[in-house]
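Accompanying notes for the structure given below.
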Amino acid sequence: LRRMEEADLIILGEKKTYRDSLADSNFLPTAPPPLTAAQTAVFNEISAAMNNGAAHTFLLHGVTGSGKTEIYLRAIEIALMKGKNALFLVPEIALTPQTVRRVAGRFPGQVAVVHSGLTETERYDTWRRAREGLLQIIVGARSALYTPLQNIGVIILDEEHDARYKQSPPLLPPYYDSRHVGEAIAARDNAIELLGSATPDVETMFRADRKEITRLALPNRIMGHRQRISEQAQEAGVCTQYSAADDEALTIELPSVQIVDMRAELRTGNTRIFSRVLHEELEKTLARGEQAILFLNRRGQATYVFCRDCGYVVRCPRCDTPLTYHRHGQALRCHRCDHAEPEPEICPRCHSRRIKYFGAGTQQVEQAVIETFPRARILRWDADTASTQASHDAILQRFMHRQADVLIGTQMIAKGLDLPMVTLVGVVSADVGLNLPDFRAGERTFQVLTQVAGRAGRGLLGGQVILQTYAPEHYAIQAAARHDYEAFYNREIAYRREIAYPPFRHLIRILFRYPSETQAKAEAERAANVIRKQMEKLKMTGTELIGPAPCFFTRESDMVRWHLLLRGPNPLPAVQGISVPQGWYVDVNPLEVL
């Protein structure tokens, strides 16, 4: 080669090539649809702020299916027209493929992806391309905030209420909230931050009430414009007389929600997973050739395994939490540390063979559907069936292309998915997490129920939601059944005010993780003594020290966990300057206290 180069027959040189996770993907180009009147009003405010050139944070509060994504895309378009770049964040990897399709279809060749599912080389090359100014739009999870994208014009956090936007212990520090980091980056670059959700975080809404950020409302659900409605009608095999002009869109009501009291079902002798009404509606849905979603916020086959003679519960030796039975592999698995062991044949305590599998997980729901509706085509979407972006996307694509009739899943199916052929959503158990000792338990329950209910009735065929619960009177469940965020927020904010928790006070949580109970307790008490002395020295009468005490989940991955809480108007001075040794984790404004 060198001799050929010397003879001027070839030219030798180097060229940079970048590994790109989207290089082999083909995205169908899409044109922007006309905006509705409500979307136009919202977009005008955002456009004015972007033209003004000053940093601003908006809360885009729109019901499920109200067209929030189109507002995001229009904001990105303005940023690009001004020669600026855009960050588009989603809370979890499962939502990335659909978001990428929407964004890359509108802005072909200008999008890159950042999340934990990429290889290290793909992430590194994306980082290099961003630093060298070769990228304009980044789509990804919370870590995408730290991509060296310069001159940002808009930062979007879709589903802003999701707890995954917070980096929390025991992950490595820094512990940050993506909403606050995004706001700081927007201030640095004179950009706007868009926080979008159908169920905004209570603290975000409180900021909007105090005019710290601007709330924009999209109160109506959009079924689509003429072309999309015609396509849906053809796919569904129904006739429609709708012939609106291209600049008009049809809005529809949110799906009706029926609450089923499972206590009453038990009193009538129904001990099955499905209530009679859910069974009947699922049967009708399948007979019509439509699609259904069954939601259960718990994977696996059974919640826990116990001995019917002595009551022994099989627990994780590393976390002390009940192990969940998984039919696949016939193993018991811990959902906190992933410890696995074979299913027991006899009780290790009393040697009885009367082993009982109690509760229902996604695998058991799947088995119940197979037994009841053997002709139904079933997909299960949870952490056991999808662990990579490709597997998430494969399941979603199969369901979108109607290669399955029933989708069974956990939280990853509860938000962000637009599936017009889904006419029935069944919430198998609405109570998971409702009674946990965490002041946000009611809020989390309301959010996930409202979000999963929003998957139904997004097309011409309409839809309904069956919500099974043992606590039908709970205010979070009642508000979710009515799609009534305002009622929930008013009740929840009054509760927070009464107990003096965020947003009325700030929290600092210090978590202590050590191999032994003695060490964890000793370190927690030592920290509490140091903090009390600091508070006395600074005369911090308005700040309260709560604990120390064992965590609700006391053991995790062979580590014992204790914690303490500081609550007050500004508890930071109580911990500033204190040495933080290995095993202590300081989390400012934690999103959970379990």
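The values are calculated or read from the model by the stated rules, or taken from the named source; none is laboratory data. Keep in mind the model is a prediction, meaning the values are calculated, not measured. Cβ placement follows ideal geometry from the backbone for every residue including glycine, while neighbour counts extend to all protein chains displayed. The area values use the complete protein model at the heavy-atom level, side chains included, leaving out ligands, DNA and RNA. Shrake-Rupley method; radii C 1.70, N 1.55, O 1.52, S 1.80 Å.
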Exercise. Relative contact order for region 369-510: what is it in percent, counting Cα pairs under 8 Å that are at least 6 residues apart?
Worked result: 20 percent
Exercise. Say each of SER352 and ASP418 gets a label point 7 Å from the Cα, pointing the same way as Cα to Cβ; how far apart are those two points in nm?
Worked result: 5.5 nm
Seminar exercise, completed: Everything considered on the Cα gyration tensor (a ≥ b ≥ c; rounded for a/c under 1.5, else prolate if a/b is larger than b/c, else oblate), region 1-90 must be described as prolate
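In Å², and per residue, what accessible area does the chain have when probed at 1.4 Å with the other protein chains present?
Working: 27370 Å² over 594 residues.
That works out to 46 Å² per residue.
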Exercise. Over region 107-182, what lengths in whole Å, largest first, do the semi-axes of the equivalent ellipsoid take, defined as the square roots of 5 times the eigenvalues of the alpha-carbon gyration tensor?
Worked result: 22, 15, 11
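Which FRET efficiency value, to the nearest 0.05, do you get for ASN570 and GLU517 by plugging their Cβ-Cβ distance into 1/(1 + (r/R0)^6) with R0 = 35 Å? Display every interim value, and only then the final one.
Details: r = 33 Å, r/R0 = 0.94.
Between ASN570 and GLU517 the formula returns 0.60.
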Problem set entry | Taking the chain and dividing mean pair separation by its residue count, relative contact order in percent (alpha carbons under 8 Å, at least six apart) | 13 percent
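Of the heavy-atom accessible surface of region 518-594 (probe 1.4 angstrom), what whole percent is carbon and sulfur? Walk me through the intermediate numbers first.
On the way: 2100 of 4020 Å².
Here it works out to 52 percent.
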Exercise. Label ASN490 and ARG315 with points 7 Å out from Cα along Cα→Cβ: what is the distance between them in nm?
Worked result: 4.4 nm
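R0 = 30 Å: FRET efficiency of SER557 with ARG497, Cβ-based, nearest 0.05?
Efficiency, rounded to the nearest 0.05: 0.20.
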Exercise. How far apart, in nm, are two points set 7 Å out from the Cα along the Cα-to-Cβ line at GLU371 and at GLU77?
Worked result: 5.3 nm
For this session: First measure r as the distance between the Cβ atoms of ALA163 and SER143, then evaluate 1/(1 + (r/R0)^6) with R0 = 22 Å and state the FRET efficiency to the nearest 0.05.
Result: 0.90
Exercise. So what's the gap between the Cα centers of region 531-564 and region 365-396, to the nearest angstrom?
Worked result: 42 Å
For this session: Tell me, rounded to the nearest percent, the portion of alpha carbon pairs in the chain spaced more than 47 Å apart.
Result: 18 percent
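Based solely on its DSSP helices, what 222 nm [θ] is calculated for the chain when runs of n ≥ 4 H residues each add -39,500 (n - 2.57) and the sum is averaged over all residues, nearest 500 deg cm²/dmol?
Details: 16 runs with 187 residues, N = 594.
Calculated at 222 nm, the ellipticity per residue is -9500 deg cm²/dmol.
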Problem set entry | Per-selection metrics, region 439-594 (Cα): Rg and Dmax in Å | 20.1, 67
Exercise. Dividing the alpha-carbon Rg of region 408-516 by 2.2 N^0.38 Å yields what?
Worked result: 1.27
